[in-house]
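Notes follow once the structure below has been shown.
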C-alpha cells in the first residue's frame with residue numbers, strides 16, 4: 001500500500017526531519033499544534049495542522065495522548081502515523097491501536113515493541129539467540145530490599161534501569177549498599193514520570209565501557225541488514241552528547257560479529273522497520289547486549305552520512321510493504337561522520353537547562369555539514385520538552401578530517417539568546433584522548449576536567465566587552481536628550497535617574 | 001559637539017571577575033586594548049544578522065551581554081560566560097575597603113539553579129548538612145536533579161514545599177555555616 005499521508009506524532013527537529021523526506025516522496029504531512037509551542041517551526045512546514053492547543057491538562061501531554069491522536073488521524077483520514085523518537089514511539093499500545101484502526105504505524109509491530117521494550121523478555125531472547133549479556137535481576141525489582149539482595153549476589157557496582165526506559169531516564173548507578181534505598185526511589189520516581197511505569201530492574205554495572213549500537217533495517221519479508229555501528233560513549237548521566245560512525249574501537253571482524261548478533265536479535269522478534277541494537281563493549285572488546293530501541297534514533301544522521309541511506313525513507317517504504325532494495329554486501333561504510341548535540345544547557349552550571357528565546361542562530365553552510373534543528377530565530381525554548389535544540393553533523397573522509405571540520409564548524413556555529421553545549425563540544429575536541437579515539441562512557445568524569453573550553457584571551461575580551469558596553473551606556477545617557485515619547489527605549493535605570 | 005565632551009570624562013574602567021581578577025581598560029570606547037605592553041586596536045563589529053563579534057588575532061569571537069544588572073555583567077564569548085562587575089578606580093577602591101570590614105555572612109542560601117518542581121526535601125530545620133550532601137530533588141526538563149549543599153552547617157530555614165514549583169534563583173533553603 002502506498003502511503004499518501006502521514007501524521008507526525010512528534011515535534012521539533014525530528015518532525016522537520018520526517019517532513020523533509022516525506023515531501024521528497026510526495027506525501028502529505030499532518031502536524032500537531034500544542035499550546036506549549038503554538039509558533040514552532042515544524043508547524044509552518046506541515047501541509048495540515050491538527051490543533052491540540054485547547055488542552056491545558058498537564059497530566060496528559062499532547063504527544064502521549066493515544067486516543068486523541070488516533071481520533072485525529074481517523075477524523076482527517078490520515079493513512080499513517082510516524083511517532084519519531086521519545087513520546088509514544090516505543091509504546092506498544094499505541095502501535096496496537098494504530099493497527100486496530102487500520103492506520104499504518106511507521107515503525108515495528110506492537111509485538112516487537114512490547115518484547116524488546118520489556119527488558120526481561122528481551123534478555124531472554126538475547127540469551128536464547130546466543131547473544132552475550134550481563135548478569136542481573138530476572139525481572140522488575142519489587143523494592144529496595146530486594147534490590148539490595150540481588151546487588152549483593154552479583155556484586156557492586158550495579159545499575160538500576162527503568163524496565164520501560166531508554167534515553168538515560170530512570171537510570172541510577174549504585175556503588176555501595178547504603179545508597180540502594182535512595183537510588184531505588186530516585187530511579188522509580190523518574191521511571192514513573194518519564195514512562196508512566198515505575199518498574200526498574202537491576203544489572204551488573206560495567207565500569208568504563210564503550211557504548212556501541214548497531215543500526216538495523218528489516219522489511220516485512222524477513223530480510224534484515226545492519227548499517228554499521230554508532231559510537232555513543234560520550235555521555236553525561238547516560239545522556240548521549242555526541243555520536244560518531246564508525247567507532248574508533250571496532251575492526252572489521254568485530255563489526256561483522258556484533259552486526260550479526262544485532263541481526264539475530266532483530267530476527268528473534270520478526271522485526272521490521274528501522275531499529276537499533278545497543279551493546280556495551282568492555283576494555284577487552286567483549287560485548288554484551290543492552291537493549292534494542294525500536295524506533296528511529298536521535299543520532300541516525302551519522303549512519304545516513306556514512307551509508308548514503310535515508311533511514312526515514314526506508315521506514316516509510318518498509319511500512320508500505322516494500323522489500324529492502326539492498327543486501328548486506330551492498331552496504332558500504334564510507335568516510336566518517338560525527339554528530340554534535342547542541343543542547344540549551346548551561347555547561348558552566350552543571351548542564352542545567354537554559355530557557356529563553358533564540359534571538360539568532362547561524363551556522364556555516366558547507367556540503368559536508370548537516371544541521372538538523374527545530375529552532376530558528378525567535379524560537380522559544382520552553383521547559384516542557386527536552387533541551388536538545390540542534391544537531392550538527394559533520395562528515396569527513398576519515399576521522400581526522402571530520403574532527404578538523406568539526407572544530408571549524410563549531411567555532412562558526414553561533415547562537416544568541418541561550419546558553420548551549422557548544423563550549424562543551426569545543427572542550428571535547430581539545431582533548432587528546434578523544435582525538436586519538438581512546439575514550440569510554442566515563443570520559444566526562446575522568447578525562448574532561450573542565451566541561452567547557454575557553455581560549456587564553458577570551459576572559460580578557462569578555463571583560464573588555466563589559467566595560468565597553470558600560471561606557472557606551474554612560475555615554476548614550478549623557479549625550480542623548482530624553483524624549484518622553486520614546487521613554488520605553490530607555491533602560492529603566494536611566495529613566496529612574498532622570499525622573500528623580 | 002558630543003565628541004568634544006567625551007574626552008573630558010574620566011574613562012578608565014576596570015572589570016573585576018568573580019575570581020577577583022582585574023582587567024583594566026584606559027578607554028574602552030576607543031576600542032584599543034593594552035596587550036603585552038602595546039596598545040592593540042580591536043575590531044568590534046555587529047553583523048547585519050544581529051551578532052556582535054570581536055576580531056582578535058585574526059579570529060572572530062562571538063560576544064553577547066547575557067545579563068546586566070547595574071554594573072554587574074555576564075558576557076558570553078564563544079559560548080562561555082564570564083561574570084564581572086564594572087568598576088571605576090574609585091569604586092574599586094571602595095569595594096576593596098568594604099571587603100576588609102568583615103561582612104562575610106554565616107548564613108548561606110541554597111537557590112534553585114533552574115526552574116522546576118520540588119520532588120523531595122531531604123532536610124528539615126535543624127538538620128546538620130555536609131558539603132556535597134544532597135538536600136533537595138528538583139525536577140526540571142524531565143530529569144530529577146539532586147541539589148547538594150555547598151557548605152557544611154545547620155539548616156536554618158526551608159522555604160519550599162514538596163510538589164511546589166520554583167523559579168531560577170529562588171531561595172529554597174538557608175544554612176548557617178558551621
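Read the figures in this text as sums done on the coordinates, not as results from a lab. Bear in mind that the values here come from a model prediction, so they are computed numbers and not experimental data. For neighbour counting, all protein chains shown are included, and Cβ atoms are generated from backbone atoms with ideal geometry for every residue, glycine included.
Shielding value for A:353-362 is 4, the average number of Cβ atoms from other chains within 10 Å of each residue's Cβ. Helix A:144-154 and the longest principal axis of the C-alpha atoms of chain A enclose an angle of approximately 60°. For peptide B:79-91, the mean count of partner chain Cβ atoms within 10 Å of a residue's Cβ comes to 6.
In plain terms, the C-alpha convex hull of region B:11-89 casts an average shadow of 6.0 nm² when viewed from every direction. Per-residue mean of foreign Cβ neighbours for B:15-24 is 3 (Cβ atoms of other chains, 10 Å radius). In chain A, helical runs assigned H by DSSP with n ≥ 4 each contribute -39500 (n - 2.57); averaged across all residues and rounded to the nearest 500, the mean residue ellipticity at 222 nm is -10500 deg cm²/dmol.
Full extension of the chain segment joining residue B:131 with residue B:178 gains 15.9 nm, where the gain is 0.36 nm per residue of separation less the Cα-Cα distance. The listed peptides A:468-475, A:23-30, B:121-128, ordered by packing as a protection proxy, come out as A:468-475, A:23-30, B:121-128 (highest mean of other Cβ atoms within 10 Å first).
Taking all pairs of different Cα atoms in chain B, averaging 1/r and flipping that mean, what Kirkwood radius in angstroms comes out? This gives a value of 20.0 Å.
Among A:205-218, B:155-168, sorting by the average number of other beta carbon atoms lying within 10 angstrom of each residue, highest first, gives A:205-218, B:155-168. Treating the angle as unsigned and between 0 and 90°, give the value, to the nearest 10°, between the Cα long axis of helix A:119-128 and the longest Cα principal axis of chain A. Computed tilt is about 40 degrees. Note on residue A:435 and residue A:76: the model spin-label points, each 7 Å out from Cα along the C-beta direction, lie 5.0 nm apart.
Axis angle, to the nearest 10 degrees, between helix B:89-99 and the longest C-alpha principal axis of chain B: 20 degrees. Projected label points at residue B:162 and residue A:310, each 7 Å from Cα along the beta carbon direction, are separated by 5.2 nanometres. Packing, as the average of other Cβ atoms within 10 Å across residues, places the peptides B:81-89, A:67-75 in the order B:81-89, A:67-75, highest first. Hydrodynamic analysis of region A:151-244 uses the Kirkwood radius over alpha carbon pairs. Inserted into Stokes-Einstein at 37 °C and 0.692 mPa s, it gives a translational diffusion coefficient of 220 µm²/s. Computed from the C-beta positions of residue A:143 and residue A:479 and an R0 of 56 Å, the FRET efficiency is 0.20 to the nearest 0.05. Bridges between two residues of the protein assembly as shown, per DSSP, are antiparallel at a rate of about 90%.
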